[in-house]
1. Give just the number: which of (1) over 24 Å from G63 (Cα atoms); (2) assigned to a strand (DSSP E or B) does A89 not satisfy?
2. Scanning segment 48-81 for residues that are among the charged types (D, E, K, R) and part of a helix (DSSP H, G or I), which turns out nearest to C136 (Cα to Cα)?
3. Looking only at segment 66-80, count how many residues are exposed (fewer than 15 other Cβ atoms within 10 Å of the Cβ) and touching a Phe, Trp or Tyr at 6+ places or on another chain (Cβ under 9 Å).
Amino acid sequence: MKTLYRKHRDLFNRLFYAAVLFGAGVAGAVPPEVLQFAGLALALQYSVKLRTDKMAAIETSVGAAPILELRVGSPPADCVTVASGALLAQGALPSDWLAVAAAGAVAKTGTWQVTGLTAGNIGYFRIYEPGSPSACHMQGTVTATGGGGDMTVDNIAIAAAQVVTVNTFTLTAGNQ
């Protein structure tokens, strides 16, 4: 036991102090919040109401009529990273762009269409705050309908001046 303690001393100390802080006691079972406080990964569980409320907050946070960009290639590492790949199409989404959230999910509402700026194959999308094409709030993959992308469009191979229609876009809150 001493060898195990020496090898994992920092972890044991964090667990012990977290257990004391949260009142778990040394002999009691360690509750999940203690494990999280101690820096250990665990799967959190959320109620359907909380997941639905999280999804409902997206449209409010991003704003009405955000800017949709469709680009070539794979999405960058995160929304803060500068967009990569040629910009193929860009346009404003409807002012009410997401339906009412339900069961921990929210989907597009209305018609989402943008016009092609140049020819190419769409690989990913970005959604920006209205009036601020530098404030990216989300990004993901794009495929043709049935292709399994985060967003599906009527045709990923587009030409300049071609209208691109987004067929499906649904966000589902994770339960961890």
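The values are calculated or read from the model by the stated rules, or taken from the named source; none is laboratory data. Just so it is clear, the structure is predicted and the values come from calculations on it, not from any experiment. So basically every Cβ, Gly included, is an ideal-geometry build from the backbone, and we count neighbours across all protein chains shown.
1. A89 satisfies every listed condition except (1).
2. Selected residue: E59.
3. Residues flagged as exposed (fewer than 15 other Cβ atoms within 10 Å of the Cβ) and touching a Phe, Trp or Tyr at 6+ places or on another chain (Cβ under 9 Å) within segment 66-80 amount to 2.
Each row is one residue, and each column tells you yes or no for (1) at pLDDT 95 or above; (2) assigned to a loop (DSSP other than H, G, I, E, B); (3) hydroxyl-bearing (S, T, Y).
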site	(1), (2), (3)
A107	yes, no, no
G110	yes, yes, no
V114	yes, no, no
T143	yes, no, yes
